[in-house]
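Participant: So that we are looking at the same thing, I have put the structure below in structure tokens.
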Amino acid sequence: MGFQFVFSPKWFYGIDCIFEGVSVIILLLLALSTYRLYRFTKDKHHLYFGVSFIALALGFAAKILTNVEIYFPQVFLKTIGPEVVFSITGVVSSSLIYSLGFFFYKLFLVWGFLGLIFIITHSKEYRWIPLTVYFAFIIALFSTVANHIFFITTSILLVYIVYYLYKNYKKKKKNRIAPLLTFLSFLIILISSITFIFMLFSIYFYVVAEVLQLIGFLILLVAYILLIKK
């Protein structure tokens, strides 16, 4: 029998998938909105925003599929003569499922956050893009067995995002509510990322981090609604 890589208490099984499913929906709404803006303005920054949001959505989707497979392996009964044999499918390959699923989760999240940094900082240094793609690949690969490395990395990336979102909010003289909510949403997502690091000490930090992450994306949804109304 293989190993299961579960960081959640049993009573939280599946709830985290629902939380992250909500995040995926919000990110796809944002991607659709920015794509529509791109079609209207032809400003490629909107297109790049959309691509970054899709990368984040793909990352969370990969995690959801991986967790569903690990949390709920199918149990079959096989009768061989007078004996009943339990065959648990999905458990034997849980190590491979974990490695691939969480590799893509981490890869797409790092790509998404790096994309947001390039956009909000108005970086023109496109020559660094291949290097950052490679950097994301290495982080995702080597953090598969060391989750704290991944969450330390995302926390550092989110610090940059939060800093520039705060600067953007301070520059606004009118209609400041949406920029403020966007800043607050990523600040809470940053706190969530830092909380994930402490899963090393207790699985209940995972629950706290998931709740904070959901709150962050819900605030981002409110900011999105305000922008749409505007």
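Participant: Of the conditions (1) touching a residue at least 60 places away in the same chain (Cβ under 8 Å); (2) not in a helix (DSSP H, G or I), Phe217 clears all except one; give me its number.
Facilitator: Result: Phe217 passes all but (2).
Participant: Can we say Ile189 is under 21 Å from Leu29 (Cβ atoms) and of a type in the set (Val, Ile, Thr)? Reasoning before the result, please.
Facilitator: Values: under 21 Å from Leu29 (Cβ atoms): yes; of a type in the set (Val, Ile, Thr): yes.
Taking the combined requirement at face value, the residue satisfies it.
Participant: With the condition being more than 15 Å from the chain's Cα centre (by Cα) and closer than 18 Å to Ile219 by Cα, I'd like the helices (runs of 4 or more DSSP H) fully within the range 107-209 carrying at least 1 qualifying residues. Please lay out each step first, then the result.
Facilitator: Values: elements: 129-142, 147-171, 177-197.
Qualifying helices (runs of 4 or more DSSP H): 147-171, 177-197.
Participant: Sticking with this one: Check Tyr224, Tyr164 and return the single one that is more than 30 Å from Pro9 (Cβ to Cβ) and touching a residue at least 60 places away in the same chain (Cβ under 8 Å). Quick ask: steps written out before the conclusion?
Facilitator: Values: Tyr164 fails: touching a residue at least 60 places away in the same chain (Cβ under 8 Å).
Going through Tyr224, Tyr164 in turn, the sole match is Tyr224.
Participant: Another question about this same structure. Can you tell me which residue in the range 145-169 is modelled with the lowest pLDDT, limited to those that are of a type in the set (Val, Ile, Thr) and surrounded by fewer than 18 Cβ atoms within 10 Å (Cβ to Cβ)?
Facilitator: The qualifying residue modelled with the lowest pLDDT is Val145.
The values are calculated or read from the model by the stated rules, or taken from the named source; none is laboratory data. Remember, it's a predicted structure, so these values are computed and weren't measured experimentally. Glycine gets a Cβ as well: all are built from the backbone with ideal geometry, and neighbour counts include every protein chain shown.
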